[in-house]
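Note sheet for the following structure.
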Amino acid sequence: MNTDKLYITIKHTIEFLFKSCLLKPCLIAICALFIIALIRMIFKAKPIFKSKKQALSVFILFFYLAVVFEITLFMRLSNRIDDPFSNIYGSWTITQNIYYYDFSCVENLIMLLPHSFVISFLISATKSVKISNKLIIYSSLSAFLLSVFIEVMQIIAHLGTFQISDIVYNTLGGIIGGFILILIKSKKKTTVSR
């Protein structure tokens, strides 16, 4: 690997994530919670969130989804693709371009890795559900559905190319995140029981 290309790739990825992807989603999540609170005040309804943990879990969910949609949809508005099916079997490996490496397959794997954490945190905040294989199956299925939703939106809006590898890597990231969650929870149980 060429170290200059690797340096440029890492530098641009970090700049992209922190400068472009985190500010808007944070604002979106804060606005969503504000709107929920405002609606509650207007209709004098019962508190939507029973605890601070529930409010935090909803904020984290809004923030996470806003980051995912920002990266996969909104940031692509300026470069529309004429044929979204032009590269349906692409991006299975790391590729080398003229100036940088394309780590799309790794990025797709990492993108939905936290999905299982966010889903399980949200569920555990609303119900007293222990982390189990059933929860991992549900979060993996929701990672798959979220990935398919993103790909369909890219087709409809011509904002990228539909790629099977995106769905596979996104879903695999959700599954790996679920297994990491099980490992963390099992380590916690063994240290608490000692």
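Could you order peptides 34-43, 151-160, 4-13 by the average number of other Cβ atoms within 10 Å of their residues, highest first? Don't skip to the end; give the middle numbers.
Numbers: 34-43: 11.0, 151-160: 15.8, 4-13: 13.4.
Top to bottom by mean Cβ count within 10 Å: 151-160, 4-13, 34-43.
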Margin query: Using protein chains only and a probe of 1.4 angstrom, how many square angstrom of Val58 are accessible, to the nearest 10?
Written below: 30 Å²
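So if R0 is 30 Å, what FRET efficiency would Arg40 and Phe179 give, r being the distance between their Cβ atoms, rounded to the nearest 0.05?
Values: r = 37 Å, r/R0 = 1.24.
Plugging the Cβ-Cβ distance into 1/(1 + (r/R0)^6) gives 0.20.
The values are calculated or read from the model by the stated rules, or taken from the named source; none is laboratory data. As the structure is a computational prediction, the values presented were derived from the model and not from experiment. All Cβ positions, glycine included, derive from the backbone under ideal geometry; neighbour counts span all protein chains shown. Accessible surface areas use protein heavy atoms only, side chains included; no ligands, DNA or RNA. Shrake-Rupley method; radii C 1.70, N 1.55, O 1.52, S 1.80 Å.
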